[in-house]
């Protein structure tokens, strides 16, 4: 019984690879489902969660907020590992609640096991949990551009803009709220470059590794 977390560069094929892994292993595939569950627990529309999903704040705004806050901001690791839904009492859904709820939901999924979790810094939240395989999917920019242009029917300029914007949000999200560099290889157990691999090839590498992990624990 294992949980696989997948961090991905936009256009690297990470989400599709995750779906293939889940299908091969018979695991739950968890991506937008996280948004649905967080919205349910917070009693807010999913659109409110999506506004903050894997998005860091503008660097200038974040700097100004840090400058005028007396206490050091808490990262997710500083919150209690266990808390109840009843603690979320306010009708206001803010960044702190989002982080706490994502942590709670992801840890609940880990306790259940047999799941593939896409993004949301699950690799950081579950860093010290046993039976967790933390995967990073990358690819050269040229390869990602072609994929995004084809899948999302965008011009090269628009595809490049989307890649930079999406990856920029995820990078700031990791740094601002988890104090990690999402490109740090130490955050992952395996890193797969899909430049020369098909999604199926990458999925097979991950499933084989996950099966070995399960056997050794």
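Which is surrounded by 13 or more Cβ atoms within 10 Å (Cβ to Cβ), part of a helix (DSSP H, G or I), modelled with pLDDT of 95 or more and within 19 Å of the chain's Cα centre (by Cα), of 206, 191?
When all the criteria are applied, what remains is 206.
Among the residues of region 1-26, what is the count of those that are touching a helix residue (DSSP H, G or I) at 6+ places or on another chain (Cβ under 8 Å), modelled with pLDDT of 95 or more and part of a loop (DSSP other than H, G, I, E, B)?
Final tally of qualifying residues: 5.
Determine which single condition residue 154 fails, assuming it passes every other condition in (1) assigned to a loop (DSSP other than H, G, I, E, B); (2) under 16 Å from residue 14 (Cα atoms); (3) over 21 Å from the mean Cα position of the chain (by Cα).
Failing condition for residue 154: (2).
Would you check if residue 29 is farther than 16 Å from residue 165 by Cβ, touching a helix residue (DSSP H, G or I) at 6+ places or on another chain (Cβ under 6 Å) and modelled with pLDDT under 80?
It is false that residue 29 is farther than 16 Å from residue 165 by Cβ, touching a helix residue (DSSP H, G or I) at 6+ places or on another chain (Cβ under 6 Å) and modelled with pLDDT under 80.
Can you go through 201, 181 and tell me which one is touching a helix residue (DSSP H, G or I) at 6+ places or on another chain (Cβ under 7 Å), farther than 11 Å from residue 136 by Cα and free of Cβ contacts under 8 Å to residues at least 24 places away in the same chain?
Going through 201, 181 in turn, the sole match is 181.
Keeping to region 123-165, report how many residues are touching a strand residue (DSSP E or B) at 6+ places or on another chain (Cβ under 7 Å) and either over 21 Å from residue 19 (Cα atoms) or at pLDDT below 95 (or both).
Summing the residues that are touching a strand residue (DSSP E or B) at 6+ places or on another chain (Cβ under 7 Å) and either over 21 Å from residue 19 (Cα atoms) or at pLDDT below 95 (or both) in region 123-165 gives 1.
What is the residue count in region 1-34 for residues that are over 28 Å from residue 146 (Cβ atoms) and surrounded by 17 or more Cβ atoms within 10 Å (Cβ to Cβ)?
5
The values are calculated or read from the model by the stated rules, or taken from the named source; none is laboratory data. Because the structure is a prediction, the values reported are computed rather than measured. Every residue, glycine as well, gets a Cβ built from its backbone with ideal geometry; the counts of neighbours run over all protein chains shown.
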